[in-house]
1. Please compute the volume of the convex hull spanned by the alpha-carbon atoms of the stretch 70-148 and report it per residue in Å³.
2. On a full-extension model of 0.36 nm per residue, what is the gain between residue 132 and residue 217, subtracting their alpha-carbon distance, rounded to one decimal in nm?
3. Scan around residue 184 for amide H atoms under 5 Å from its own, H built in the peptide plane at 1.01 Å from N, and keep only partners 5 or more places away or cross-chain.
4. Can you give the local net charge around residue 166? Use residues other than it whose beta-carbon is closer than 12 angstrom to its beta-carbon, Lys and Arg +1, Asp and Glu -1.
5. Can you work out the PRE-style zone for residue 205? Point 7 Å along Cα to Cβ, and I want the residues of the stretch 146-187 with backbone N under 17 Å.
6. Given labels modelled 7 Å from the Cα in the Cβ direction, how far is it in nm from residue 56 to residue 182?
7. Mind giving me the nanometre distance, one decimal, between the label points for residue 190 and residue 154, set 7 Å out from Cα along Cα→Cβ?
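Every number in this text was worked out from the coordinates using simple rules, so none of it is lab data. Remember, it's a predicted structure, so these values are computed and weren't measured experimentally. Heads up, the Cβs are rebuilt from the backbone with ideal geometry, glycines too, and the neighbour counts pull from every protein chain shown.
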Amino acid sequence: RLPRVAGRLSLVGMLRPGLVLAAVAGGLALGHGLLTLPRFAVAEVEVRGASRLPVAGLLAATGITAGVNIFRVNPEAVGARLERIPGVRWARVIREFPNRVTVVVEERQPFTLTHLGRLHWLDEEGVLLAAAPRPLTPGLPLVSGLVAEEVGSAQRPASDRALTALGLLRALLRSGSPLLSRLSEIDMSRPDGPVFYTVDGTEIRMGNGEWEEQLVRLETGQRHERYHA
């Protein structure tokens, strides 16, 4: 009996390479079929979440052409290309089998304006968006004193000075201070800290420190002045 058992084991060992080769060949044939079947040719690409950015531009940025095999679409690579567009905060690419791709984007939203030769929008992270198309009165004061290298882009974050200005604006919004409606500009060019300018030309030096506490003291002082006026 022992020799027969050994013989069986030897035969199984001889068959295994053949089985492996057959499995590999079958897998290759299946993969080739998936990559060539017309059923998996992309027939539609849908973009969701775009309101400010042109859909045609987003579609072009995907690099997906009609008829390309859906298995050749790399969702991560396409998403990375889309996120290099200044107005795109993030993008997700979904393959919907057999022949449809959905692109979901979150756009960056204008937060306030800055002046870089002309007025441009910044989002809440300090990323530069499109130039303002026409003169307007924004809901928040203009951020001045920044240079082009300090604003953010898809490739680099905003500078500390730009982020400080945006932090001040958020602090003003959180406090609900009436001062916000009277401000026209936050100047970030001073070495000793931000300077507020009101619509009537008053200059308020903020220095450096805890913005929330300074805003409370500033508003309290202004209320006191109004009371005694």
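1. 110
2. 27.2 nm
3. Amide H neighbours of residue 184, under 5 Å, 5+ apart: 197, 198, 199.
4. So the surrounding residues net to -3.
5. Hits in the stretch 146-187 for residue 205 at 17 Å: 186-187.
6. 4.9
7. Label-label distance for residue 190 and residue 154, simple model: 3.8 nm.
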